[in-house]
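Asker: First the structure, then my questions, so here it is.
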Amino acid sequence: MFTGIITGVGRIAALHDLGSSLDHGKRLTIEAPPGYLDDVGLGDSIALNGACMTVTSLDLPQQHFTIDISAESLARTSGLAQTGARLNLEKALRAHDRLGGHIVSGHVDGIGRVTRFAQVGESWELRVMAPPELGKYLAYKGSITVNGVSLTVNQIHDSSSGCEFSINLIPHTVDNTALGQLAANSVVNLEIDTVARYVERMLSAGLQPAKETP
């Protein structure tokens, strides 16, 4: 479980194939910021650009850790298969941590495409086209996770090609996450709000709240 509040920006230092066919995944060596891994152990969960992964090895002197990612996960995420790519990092939520963003599972629901990323005043406007099947989960002032970052939707526009949503990024977010490297046509990992997921399930199944017994 995560909050969508990024705690560090890492870099893919190396990629290694786990097999010779397309059915095999990859082993990623991630370079973390100084001191970031001091409280991390083997088997811990760290979200990479919003995708929950398991730490499989640690090299504290080099500030490196590795994760193994399956071919299925590679096919359903973006930004996790390019050496040198910068990544948003978030360690798993602890019971006593502040919930500064919103409840995030680290499971990518779809890939979005950036349609606009431009400075407006002191902030930045980020527009993303989400797949049509995710449009029903997006709402004005609702939450969305973009590359692991918890963000608030400012505008939505539905069309036959999908649902375009707009987000305002303050300078702190641009400076302290990997979102600042985005541009038009960049692809991003999206995770919808957990509450919206359950509401849609109840409505689609025609479920009604249980009535109290007199």
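The values are calculated or read from the model by the stated rules, or taken from the named source; none is laboratory data. Small disclaimer: the values here were computed from a predicted structure and weren't measured. Neighbour counts run over all protein chains shown; Cβ positions are idealised from the backbone, glycine included. With ligands, DNA and RNA removed, areas are computed over all heavy atoms of the protein, side chains included. Shrake-Rupley method; radii C 1.70, N 1.55, O 1.52, S 1.80 Å.
Asker: Count charges around Ile192 for me, please; just the other residues with Cβ under 11 Å from its Cβ, Lys/Arg as +1, Asp/Glu as -1.
Answerer: Net charge around Ile192: -3.
Asker: Additional query: Accessible area per residue of the stretch 119-213 at 1.4 Å probe, in Å²?
Answerer: Here the residues of the stretch 119-213 average 57 Å² of exposed surface.
Asker: Moving on to the next point. Report, in deg cm²/dmol and to the nearest 500, the calculated mean residue ellipticity at 222 nm for the chain, where each DSSP H run with n ≥ 4 adds -39500 (n - 2.57) and the sum is divided by the residue count.
Answerer: Per the formula, -2500 deg cm²/dmol.
Asker: How much of the accessible area of the chain, probe 1.4 Å, is carbon plus sulfur, in whole percent?
Answerer: 51
Asker: How charged is the neighbourhood of Leu22? Take every other residue with its Cβ under 15 Å from the Cβ of Leu22, and add Lys/Arg as +1 and Asp/Glu as -1.
Answerer: Values: positive: Lys26, Arg76; negative: Asp17, Asp23, Glu72.
Residues close to Leu22 contribute a combined charge of -1.
Asker: Still on this model: Stretched out fully, how many nm does the piece from Ala71 to Glu200 gain, at 0.36 nm a residue minus the Cα gap? Spell out each step's value before the answer.
Answerer: On the way: separation 129, 0.36 × 129 = 46.44 nm, distance 2.92 nm.
Additional length available on full extension: 43.5 nm.
Asker: Let me ask something additional. Solvent-accessible area per residue for the stretch 1-100 at a 1.4 Å probe radius, Å²? Working shown, then result.
Answerer: Values: 5260 Å² over 100 residues.
On a per-residue basis, the stretch 1-100 sits at 53 Å².
Asker: Between beta-carbons, use under 11 Å as the cut-off and find the net charge around Gln63, counting Lys and Arg +1, Asp and Glu -1.
Answerer: -2
Asker: A follow-up question, please. Taking 8 Å as the Cα distance limit and 6 or more residues as the minimum spacing, I'd like the relative contact order of the chain as a percentage.
Answerer: Rounded, it is 23 percent for the chain.
Asker: At what distance in nm do the modelled label points of His24 and Tyr140 sit from each other, each positioned 7 Å from its Cα along Cα→Cβ?
Answerer: Those two pseudo-labels are separated by 5.3 nm.
Asker: Related question: Please work out how much length the chain gains when fully extended from Arg94 to Asp59, using 0.36 nm per residue of separation minus the C-alpha to C-alpha distance, in nm with one decimal.
Answerer: 10.3 nm
Asker: A follow-up question, please. I'd like the FRET efficiency for Asp38 and Ser105, computed as 1/(1 + (r/R0)^6) with the beta carbon distance as r and R0 of 35 Å, rounded to 0.05.
Answerer: 0.85
Asker: Return, ordered by residue number, the residues of the stretch 97-119 whose backbone nitrogen is under 11 Å from a label point located 7 Å along Cα→Cβ of Ala184.
Answerer: 115-118
Asker: Another question, if that's okay. Would you mind calculating the relative contact order of the stretch 6-67 from Cα pairs under 8 angstrom and at least 6 residues apart, reporting the percent as a whole number?
Answerer: Value for the stretch 6-67: 29 percent.
Asker: In degrees, nearest 10, range 0 to 90: what is the angle between the Cα axis of helix 194-204 and the longest Cα principal axis of the chain?
Answerer: 40
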